[in-house]
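Structure first, commentary second.
Every number here is computed from the coordinates shown, using simple stated rules; none is lab data. What you are looking at is a predicted structure, and each value in this text was computed from that prediction instead of being measured. Cβ: placed from backbone, ideal geometry, glycine included. Neighbour counts: every protein chain shown.
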Amino acid sequence: MTCSERRAQLVAYQDEELEATERRELEAHLEGCAVCRAALSTERELSRALGSLPAIEPPASFEARFWARIAREQEPPRVGVARLLTRRLALALGGAAAVTAAVVLALRGRTPPETDLPIVSSTRDLELLEDPDLELIEMVDVLLALEGDQG
């Protein structure tokens, strides 16, 4: 075994938790390895320091809260209606966004089809709008109606 593997056994050795064979092998290693003896000495000092600290008593309600929390964590998670609806709404909106993006990408760069519909404004209409005579501009509808009656 390597020194790092032996050092991993030091706490168990100190707490007398090693099997007899493991204990004898570790003791033989410690006789010849100053680094591992120093590590064992450090572990013993740490153990004494921790042992000298006063015990901390938890509040009276700690144990009840602890077991209640364990019980809650072992229950299957509850799925509320609002959470379920939120997930469904998110999926629906995500799907709609994906479809919209696909349509936009598919139609990108296409020109609209030719149409036989009349153009809304004509050069003559624009000339009327540029005319400084405001009365004519206000009477455009009347003039167009009269023009339609003559044709």
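Fully extended, how many nm does the chain gain between residue 75 and residue 92 (0.36 nm per residue separation, minus their Cα-Cα distance)?
On the way: separation 17, 0.36 × 17 = 6.12 nm, distance 2.98 nm.
My answer for the length gained is 3.1 nm.
How many nm is it between the label spots at residue 14 and residue 149, if each spot is 7 Å from the Cα in line with the beta carbon?
11.4
Hey, what do the phi angles of the range 18-23 turn into as Karplus ³J(HN,Hα) couplings, whole Hz, using 6.51/-1.76/1.60 and θ = phi - 60°, x for Gly and Pro?
3J(HN,Hα) across the range 18-23, in whole Hz: 7, 5, 4, 5, 5, 4.
Pop out the ³J(HN,Hα) list for the range 53-62 in order, Karplus 6.51 cos²θ - 1.76 cosθ + 1.60 with θ = phi - 60°, rounded to Hz; leave Gly and Pro as x.
Karplus values, whole Hz, x for Gly and Pro: 6, x, 6, 9, 8, x, x, 4, 7, 4.
Along the range 66-74, what does the Karplus equation 6.51 cos²θ - 1.76 cosθ + 1.60 (θ = phi - 60°) give for ³J(HN,Hα), rounded to whole Hz, x for Gly and Pro?
Running phi through 6.51 cos²θ - 1.76 cosθ + 1.60 with θ = phi - 60° gives 4, 5, 5, 5, 4, 5, 5, 6, 7 Hz.
For the range 36-111, what does the alpha-carbon gyration tensor say about shape, rounded, prolate or oblate, given a ≥ b ≥ c as the root eigenvalues, a/c under 1.5 as rounded, and a/b over b/c as prolate? Show your work: numbers first, answer last.
Numbers: a/c = 6.90, a/b = 2.30, b/c = 2.99.
Verdict is oblate for the range 36-111.
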